[in-house]
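Report on one structure; see the data block that follows.
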Amino acid sequence: MTTDIQTVLLALGLLGAVVLLALGFASARRARRLTRAHAAALDAAGDGILVVDHRLRILHANTAARAALKLESGGRRRSALATPRAIRTLLEQEEGRKVRLKAASGRVFEAWATAAERRGPLRGVRVVLTRDVTRRTRDERKLVQLAHYDSLTGLANRRLFLEMLTQAIAGARRSGERAALFYLDLDQFKAINDSLGHAAGDALLQTLAERLRAQVRRDALADVGVREGARIGLARLAGDEFAVVAPNVEDSKVVAAMAQHLLELIAKPMEIAHHTLHNSASVGVAIFPDDGDDIETLLRNADAALYTAKSRGRNRFARYEASFEARANRAQAIDERLRTAIERDELRVHYQPKIDVVSGSVAGFEALLRWNSAELGEVGPGEFIPVAESRGLIGELGAWCLDETCRQIRSWQDAGWMVVPVSVNVSSVQFTETDLQRVVTSALRKHDLDPQLLELELTESLLLDEGEATELTLRDLGAIGIRFALDDFGTGYSALTYLNRFNLDVLKIDRGLLREIHSDASAAGIAAAVVSMAHSLGLIVVAEGVDLEAQLDPLREMKCDQIQGFLYAPALPAEEAERFMARAGERPPIARPGGSPSEDLPAIRAPGAGDSDASFPALRVAAPIDAPDLEIDAGMAPSEEGARMLLVDDACASLGPLALRLGRLGFDLHYASAADEAHLLIAQERDSIRLLATSPAADMREVKALLDDLGEGAAVRPPYVVIGERPDDESLALIREAEPTGVLWAPFEDVELRYVVKSALVDARSVAERREPRVPVDLVANVRRENLREIVVLSSLSPRGAFIEMADPLPVGSQVRLDFDLDGNLVRGFARVVYQRFESSEQLAITSGVGVYFYGFDRETQQILLRAVKAREAKYRI
C-alpha cells in the first residue's frame, strides 16, 4: 500500500477514534468541533479524498473530491460520476491504477482507489483519491506539440513522420498491402523568398499545409484508391519539403493518381502578399515493399526519385526505379575521375555558332565544355557539371574553360579569322567560391585578348542568390569591356526584376518559350513580347534551341537578332567550327597569320605577375590639339602624341583589370608587374613616359625612387596618380608624402578614370597654374545656337567652363546657350566655344567635342557651380 493511502487511512482512524472519545467523554458540541477541524485538515490536503463503504455509500468526501466527482456538499450525488455504477467501475480497477477524468469545465483529474479493508471497524471501506492535473496535462501537450509538430504549419515534423512511416510499414506487413511514401519539394521557392520576402514564403507554406490537411480531412486523397480506414499522414520535413505517407494503397496506378492529385493541388493559384502565385512542385515516390522493405531504404529511394523528378524539368513526379541506383553509382564514379580530368587532358571545349537572323552570318559562339573519360566514355555536362558544383570542382573546371576559350579566340585571331564574341557559361558557385574577376583578367592578359571578345553567360539563379556581391563583380568586369548575357530567360520566377539592375548586353530566350511559336499564336505572342521588351532595354536577343525551320519565319517577324540551335549546327570542336565559318563565308583576313591585328598599332609588351609572355595591344591617344587659354580654363588639354603612362602593379597583382580598362579607353601604357621591371622600362622609354600610376598598396619608397628615375634631367617632376580602393589613414599619410597629382578611389566610372589620367598627362606646370578646380561629370544638356537645338553631354566641368561631347564640334568662337540640371538645380546661361577636339580613331573610346567658357551666369548660378565642382573634387584629392 502506498504512503499516500496509508496516510489517508491513518487519518480516518484518528477521525474515528476522536469521534468515539468525543461521544464517550465529552459533550456533543465538543465532538462536532473536533470533527469539523479534522475535516478541514483533510480539505487542506489538496488532493480529493472520497470514502465509500462496501455498499458504495459515501462516508466522507472532502472539497477537492466533491469538485472532481461533482458531488453536492454532504456527499449527495450530482452527476454520473457519483453513481454506484461509475464508482464501482473505478473501484474495479487494479489497486493504485490511475484513471483520468475530464470535467465539464475542461479541468482534468486523475483518480485511483485503495484496496478494501478486510477486518476491524473499517472492513469493506475503500478510499478514492483524486488529483487536479490540468496544468500538468497542458504542459505535457505543449511538450508533445514541440517534439512532434512543425511550429510554422502545424503538420507533423520529421520525428513524428518517422513514427507514422514505421506504423504504415508495420500495418502493410500485417495486411499484405502496400504503403506509399511521397516526397514533395516546391520548385523555385527560394525565388519567392528573395523577391517577396520570407514572410510571404512562410505564408505560402502555411497555405499549402492547410490545403493538404483539408484534403486529408475530407479523405480526398483516399478517394483515389487508399483502402477505407487507412489514415494518411502529412509532415513538413524542412524548408519547402513535405512528405505524405499513405498506408494500404491498392496498386501502383493508385499511387500515380495520388501523386498527380498532389501536383494539381499545389498548382492551384495562391493569393500571397497581394500577389497571385502559380506554384509547382516535384514529387518523388517510393512504395513498400516494392521499392524498399525497410524505412532507411524507402527514404533513400524516395529522395532519389525526387531528385530525378527535378532533373527532368520539375512540375512532375517520378517513382523510384532500380536504374536510379546505377545512376548514383555512376555519379560516384564521375566524382572520382573528374578530379583528374584536366591532368589527363580529357576535357575539350566545343563551340556552337550563333547566326545573325538577317544576314545569316556567324555572329558569335557559345563555348561548351565536353568530357571524354578514358574509363566512362563520353560524359555529358548534365552529368558532370552538377557533380563538379557539389564537390567544389567547378572553380577549377571553369578557370580551365575560360583559359582554353581565350586561347582559341587568340588562335583564330592570329590565323586571320574575323573573330566574333564567344560566350562562356558561369555558374553561381564560381562567383561564391572563386575570384572570378582574377580568373577572367588573368586569361585575357595571358592570351593578349580584347575583353570585348569575351561574353559571360549568367543564370537568373545567380543574380537572385548573390545580389550586391554579384552586382559589384559584374560592374568591375563590365568596366574592362566584358559582355554579359542572361541565359535561359523564361524559366525563372522574377528575371524581369533584374534586367534593369544588372548591366546586361544579351538576353537568351529559353527553348521552352520558343518550342511552339510556329504552331501556337499565344506562344508566338509571348515570345514577341519578350523580344520587344529586351530591345526596349537595348539588349541583343538570342533564340536558343531553334531546331525547326518552321521557327525561323516567326523569329524574323518578331525581329529576333540571333539564332542558336541544331537547325544550323550543334556544338562543334574548334576545327569543325573553323570549317563552319568557312562555309558561312566568315574568312576575310584582318591580319597576317601570327601578326598583329592592326598594322598601325604595334603591340607592346605588358607582362603580368609571374607571366612574362603576356602582352596588351598598343593603344594610343589621338593627335594633340591646341590647349585652351589658361585664363579660360574651360576644358582639359589632351596629352601629347606618343605620351605613355607607366602602370606599376603591387604585390597582390591587383591592377590587371585596370590595365585592361585603360587599354579599352584608348590610353597608351606600359604595364610593369614590379618596381624592378618598371626601372628597366624607364631606362628604355624615359622620354615617352609622361605619367606614373600605382595602386594605394604600392610601396611608397619604391614609388619615390621611380619618380626620381623618371624625373632625371627633367625640369619638372612627372605627374603621379593613385588608383584603387581607399586605404587606411596610415597608408594615406604615406601617399601624401609622395605628393600625387591626383587620386581616384574605387568604385569609379569610365568618365572619371579617363578624366583623372588625362588631366594628369597635361603639362605639370599647367596643372599647378590652374586657378579653378575641374572635375569629370556625365550631364545631359541642351545646347541652342541660333535656330538649332541639340542634346549633348558635358564630360568635364569647372566653375568657369566645361567640355561638351559632340560628334560635329562647333566652330571656335561660336556662342551657344546652355541649360542643364546640376544636383537638382537648373543651370542656364551662355557659353563661348574656345577650342575643338576631333577624334578620328573609331577604336578609341575618346570623344570629340568642344571646350566652352561660361559667361552671362548670375551670381547664384556661379555659386551653384562652384559648390558642386568643389564637392566632386574631393574625390580626386587626398
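The values are calculated or read from the model by the stated rules, or taken from the named source; none is laboratory data. Keep in mind it's a predicted model, so treat the numbers as computed, not measured. Positions of Cβ are generated from backbone atoms using ideal geometry, with glycine treated the same way; all protein chains shown enter the neighbour counts. Ligands, DNA and RNA are excluded from the accessible area calculation, which covers all protein heavy atoms including side chains. Shrake-Rupley method; radii C 1.70, N 1.55, O 1.52, S 1.80 Å.
Filtering the range 324-340 for residues that are open to solvent by 20 Å² or more (accessible area, probe 1.4 Å) and not in a helix (DSSP H, G or I) leaves a non-empty set. Looking across the range 364-419, the residues that are touching a Leu at 6+ places or on another chain (Cβ under 8 Å), assigned to a loop (DSSP other than H, G, I, E, B) and either of a type in the set (A, V, I, L, M) or buried (at least 18 other Cβ atoms within 10 Å of the Cβ) (or both) come down to LEU393, VAL419. Of all residue pairs spaced 6 or more apart or on separate chains, those with beta-carbon atoms under 8 Å, a first member in the range 153-182 that is within 13 Å of ILE287 (Cα to Cα) and a second member that is buried (at least 17 other Cβ atoms within 10 Å of the Cβ) and among the basic types (Lys, Arg) are ALA172/ARG178.
Against the test of being crowded, with 20+ Cβ neighbours inside 10 Å, closer than 30 Å to LEU866 by Cβ and either modelled with pLDDT under 80 or of a type in the set (Phe, Trp, Tyr) (or both), the options ALA606, ALA634, ALA693 yield a single qualifying residue, ALA634. Criterion first (farther than 30 Å from ASP668 by Cα, modelled with pLDDT of 85 or more and open to solvent by 30 Å² or more (accessible area, probe 1.4 Å)) does ARG832 satisfy it? The answer is yes for ARG832. For residues that are part of a helix (DSSP H, G or I) and either in contact with a helix residue (DSSP H, G or I) (Cβ under 7 Å, 6 or more places away or on another chain) or among the aromatic types (Phe, Trp, Tyr) (or both), tally how many sit in the range 262-289. Total meeting the criteria: 2. Each residue in the range 431-473 was checked for being at pLDDT below 85, closer than 13 Å to GLY398 by Cβ, in a helix (DSSP H, G or I) and open to solvent by 10 Å² or more (accessible area, probe 1.4 Å), and 3 pass. Screening the candidates ARG410, ARG327, ARG370, ARG344 for the property of being within 30 Å of ASP547 (Cβ to Cβ), among the basic types (Lys, Arg) and modelled with pLDDT of 85 or more yields one hit, ARG370. All told, GLU375 falls short of being touching a Gly at 6+ places or on another chain (Cβ under 7 Å) and among the acidic types (Asp, Glu). Working carefully through the options VAL358, VAL422, find the one that is buried (at least 17 other Cβ atoms within 10 Å of the Cβ) and of a type in the set (Val, Ile, Thr). Testing whether each residue is buried (at least 17 other Cβ atoms within 10 Å of the Cβ) and of a type in the set (Val, Ile, Thr) leaves just VAL422. Pairs are defined by a Cβ separation below 7 Å, a sequence spacing of at least 6 or placement on different chains, a first member in the range 565-579 that is open to solvent by less than 90 Å² (accessible area, probe 1.4 Å), and a second member that is of a type in the set (Asp, Glu); the pairs so defined are GLY565/GLU544; GLY565/ASP547; LEU567/ASP547; LEU567/GLU549.
Looking at the range 676-693, is at least one residue more than 28 Å from ARG774 (Cα to Cα), in contact (Cβ under 8 Å) with a residue 40 or more places away in the chain and not in a loop (DSSP other than H, G, I, E, B)? Among the residues of the range 676-693, at least one is more than 28 Å from ARG774 (Cα to Cα), in contact (Cβ under 8 Å) with a residue 40 or more places away in the chain and not in a loop (DSSP other than H, G, I, E, B), which makes the answer yes. Of all the criteria given as (1) exposed (fewer than 14 other Cβ atoms within 10 Å of the Cβ); (2) out of contact with any helix residue (DSSP H, G or I) (no Cβ under 6 Å at 6 or more places or on another chain), the one not satisfied by VAL716 is (2). Remark: pairs (first residue in the range 714-731, closer than 17 Å to ILE689 by Cβ; second residue open to solvent by 40 Å² or more (accessible area, probe 1.4 Å) and in a loop (DSSP other than H, G, I, E, B); Cβ separation under 6 Å; 6+ apart in sequence or on different chains) = PRO719/THR741; TYR720/THR741; VAL721/THR741. Of the residues that sit in the range 783-826 and are among the β-branched types (Val, Ile, Thr) and open to solvent by less than 60 Å² (accessible area, probe 1.4 Å), which one is nearest to GLY849 (Cα to Cα)? Among those residues, the one meeting the criterion is ILE804.
Here the range 757-775 is the region considered, the condition is being of a type in the set (A, V, I, L, M, F, W, C), within 15 Å of SER798 (Cβ to Cβ) and open to solvent by 10 Å² or more (accessible area, probe 1.4 Å), and the residue that is modelled with the highest pLDDT is VAL762.
Looking across the range 786-803, the residues that are more than 14 Å from GLY829 (Cβ to Cβ) and not hydroxyl-bearing (Ser, Thr, Tyr) come down to GLU786, ASN787, LEU788, ARG789, GLU790, ILE791, VAL792, VAL793, PHE803. I'd like to know if the range 290-313 contains one or more residues that are assigned to a strand (DSSP E or B) and buried (at least 17 other Cβ atoms within 10 Å of the Cβ). No, that holds for no residue. Only residues that are more than 17 Å from ALA678 (Cα to Cα) and assigned to a helix (DSSP H, G or I): list them for the range 694-745, please. Passing the criteria: ASP729, GLU730, SER731, LEU732, ALA733, LEU734, ILE735, ARG736, GLU737.
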